[in-house]
Amino acid sequence: MKVFREIAGAAVVAAMVATAGAQMHRVAKKDNVTRAIAVYEWTGDDIKKPAASRLIPVSLFYDNDYQEAGLYLARPVPLALYAGTVYELQQAGEPKGFFDLDFARNLKPSDSVSSVYDQGWTGYGKWQPLPVDKPKAPQKVTLDSSDTDDSRPKLGRKDKKSDSKDTKDNKKDKDQAGVTPVGSDPSDDTDRPTLKRRTEKEKRDAIKNDTANVQNVGDLNDDPDRPKIMRGKPAKQAEAPQLTGLPTSVHQMVAVSDAANREVHDFTYRFRDPQEKTEIQAKLEKVAMSLVAPAPSAPALPTGGRSRSTGARSKLKASIAPEVPPVKFADEKFSAYALSYNSAPVFVLEAHTTGEGSPVQYVTVVAQNDSFGEPQVAIKTTTDSAHMDSTPWMRLVGVVDAEASNRASLLMELRGQQARSFALYRVIGAQATKVFETGATQ
């Protein structure tokens, strides 16, 4: 009985400790993510000096749900395209530069405009380089006069007035970062979500260090669809050339704007050795080849009905169609990603046929390794120019963490003959799920 009482007493003490620990536990504040995803398109040989460029809004993740970035809070301009918003250009999660949004236009189809894909809200601005970290200045060393040892170094300290001034300046910079100034514009709503905005100091530095190749094509206020909000005397600044239509030489890159600064997550999968890459690429090529290879021709039966003679068998053998040569691919692209921590790699193969003797076919294969390291197909699609409106050409723009959850999705362009849309696909367990798609733009 004594042992039982000791055990029971220990259990009661443990329960009290656990209860106290539970009462002391603090629940972390929920991270309200506001994150916009867009596609940056440009032409030219160098992204730093684009011949023309534009920003196509895709998604806005807010309040734990996806919204169409080209329509959300369009009063009068969508939140994702508000002037002054900064987008980080990424490649597999790695930042490659910034895009400063100057203005947006709501393009509408017109009989005078023959180019396709020019419809809906589109953003325009300038490419900016990543900031360069300046080396820290060495800390000053001063001597304390009250110390009898003159050779002993003392660290310099700021006075209270200096500390107070720095604190106020830091608070002022913090208040300005990522916050739209209160005024007469639609962002005055305190409940309205905000995206990444440059501070006044960053704006001045960007203008001073601007190396983008831009051309002056006129006053922005000449656009009748652009909202006019006068805020003093604006600084004279060149406008970036505007991209129209969909040239064959257009380049694409993922663009992300987030209200918060987050750590960089590289989603690139690095192969163990070159042989692993070669073997997996060959397996995906085999799947792609099966999608575009012509069906074998049925052998023609000899005329005159069925015959059991050896002469009839010889005629049947001679009537079999010759072997079809294998289809050749052009512009093949093979990419590999690790879409989340400790996840199986995902592979994407894109290519099109050369069109020798048949229409050009576009093929895309997405696969993910299983537990045995074998790629299992998650998406396989093929189309040609005659069927792109019913079966769009699936083109990979890149991978992006659209929810700030350290899990990336495939950002695909679904291109038709006269219209296109953008979609996010999540790949888990070799199963692809479309989590979001924009409306079609013509």
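Bear in mind these aren't lab numbers, they're just calculated from the coordinates by the rules spelled out. Only a predicted model underlies this, so the values are computations on that prediction, with no experimental measurement involved. Cβ sites come from the backbone with ideal geometry, for glycine too, and all protein chains shown count toward neighbours.
Taking K and R as +1 and D and E as -1, what net charge do the other residues with C-beta under 14 Å from the C-beta of Glu350 add up to?
Result for the neighbourhood of Glu350: 0.
Multiply the residue gap between Glu279 and Glu374 by 0.36 nm, knock off their C-alpha separation, and tell me the result in nm, one decimal place.
Result: 33.2 nm gained on full extension.
What FRET efficiency comes out for Ala330 versus Lys136 if R0 is 60 angstrom and r is the Cβ-Cβ distance? Round to the nearest 0.05. Show your work: numbers first, answer last.
Values: r = 51 Å, r/R0 = 0.85.
So the FRET efficiency works out to roughly 0.75.
If we count every other residue with Cβ under 12 angstrom of Thr383's Cβ, Lys/Arg +1 and Asp/Glu -1, where does the sum land? Numbers along the way, then the final one.
Values: positive: Lys380, Arg395, Arg415; negative: Asp384, Asp389.
Summing Lys/Arg as +1 and Asp/Glu as -1 gives +1.
Please sort by residue number the GluC sites (Glu not before Pro) in the range 332-385 whose DSSP state is loop and whose Cβ has at most 15 other Cβ atoms within 10 Å. Walk me through the numbers on the way to the answer.
Numbers: sites: Glu332, Glu350, Glu356; in loops: Glu356.
Within the range 332-385, the qualifying GluC sites (Glu not before Pro) (loop, at most 15 other Cβ atoms within 10 Å) are Glu356.
Would you work out the Kirkwood radius for the range 48-103? I mean one over the mean of 1/r across all pairs of different Cα atoms, in Å.
By the Kirkwood definition, the hydrodynamic radius is 12.6 Å.
Would you mind checking the radius of gyration and Dmax of the range 337-406 based on alpha-carbon positions, in Å?
Here Rg and the maximum Cα pair distance are 15.1, 47 Å.
Going by amide H atoms built from the backbone, whose H comes under 5 Å of the H on Glu94, apart from near neighbours?
Placed amide hydrogens put Phe267 under 5 Å from Glu94.
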